[in-house]
Amino acid sequence: MTDLAKIQQQFMHLLQNKPNDFISHVADQGQLNAHDRLSIYRSAYKIRLTQVIEQDHEQLGKYLGDDLFDEMVTGYLRSYPSVNNSLREFSANLPIFLSETLPFKQHEILADIAKFERLLLMAFDAKDDITLTTEELEHVKDTDWPSLVLNLHGSIQLVKFNTSAVESFQALKNDSTPPIPRVDKTRHWIIWRTPDRMTEYKAIEKEEFNLLNLMEEKQNFSVLCQSLIKKHNPERIASLLINYINTWLSQGLIIRF
């Protein structure tokens, strides 16, 4: 490692409160000694990373309140120091931190809200894809349908929660009081970016959620039909699935072959 690289590494260790001797490279200046000068850099670094978490997880911050939010940021910076040149990924591990760290892990909804906000960012950042049209799908031959694989738009995120994470997110965004954390049954959600680059999300039934999961796994039309046999009349399955597909096409969820 070159001398410059060693100095740069020591500087990062300083910012991350790791053992270092970077102060030996800093001179006193004016009324500020070396320690005071370095404290300014360390504080500025923490403030910038705190701003990133505040921006990426605004509704989580509201849910926690100032004191718990500050405690979360301090603990997260200690457990997951920044290692990426892009700040977009800095708080990617926040849901894990909240699910494993006291006192936050005692409240499952906190990790869920953080995860939901991460998925919104991932949907927004996904690459552009050309969506499939009904007219293009109509050109598929009848004999090709059983082996047909429909590909989902890259922005699609599927998630399920046993808490009112999404409902609480919605309430906080509207400056309303969040509902109670626990819910009576698992909630299934889809998040995606529309063709006009708006991030959308909605609650869906378990059946639709499972079909979309199979599509993510690149399963063909025949497998999708097979997954519906236990619950539906076999004679209606193909038409039922076609109705789902038409809805997904209208929402821009399926991309061109």
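The values are calculated or read from the model by the stated rules, or taken from the named source; none is laboratory data. Just so it is clear, the model here is predicted, and its values are computed rather than measured. Neighbour counts run over all protein chains shown; Cβ positions are idealised from the backbone, glycine included. Calculation scope for accessible area: heavy atoms of the full protein, side chains included, ligands and nucleic acids excluded. Shrake-Rupley method; radii C 1.70, N 1.55, O 1.52, S 1.80 Å.
Numbers at a glance
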| read-out | value |
| --- | --- |
| Tally, over the range 45-57, of residues that are at pLDDT 70 or above and either open to solvent by less than 70 Å² (accessible area, probe 1.4 Å) or not charged (D, E, K, R) (or both) | 9 |
| Long-range neighbours under 9 Å by Cβ, at least six apart or interchain, first residue within 17 Å of residue 177 (Cα to Cα) within the range 58-69, second polar (S, T, N, Q) | 59/168; 59/170; 63/168 |
| Members of the range 89-112 found to be at pLDDT below 95 and open to solvent by 70 Å² or more (accessible area, probe 1.4 Å), listed by number | 89 |
| Only one of 230, 218 that is of a type outside the set (Ser, Thr, Tyr) and under 17 Å from residue 131 (Cα atoms) | 218 |
| Test for residue 147: is it open to solvent by less than 50 Å² (accessible area, probe 1.4 Å) and in contact (Cβ under 8 Å) with a residue 12 or more places away in the chain | no |
| Test: residue in the range 226-244 that is over 21 Å from the mean Cα position of the chain (by Cα), open to solvent by less than 50 Å² (accessible area, probe 1.4 Å) and within 28 Å of residue 121 (Cβ to Cβ) | yes |
| The listed residue being among the acidic types (Asp, Glu), open to solvent by less than 70 Å² (accessible area, probe 1.4 Å) and modelled with pLDDT of 95 or more, out of 167, 136 | 167 |
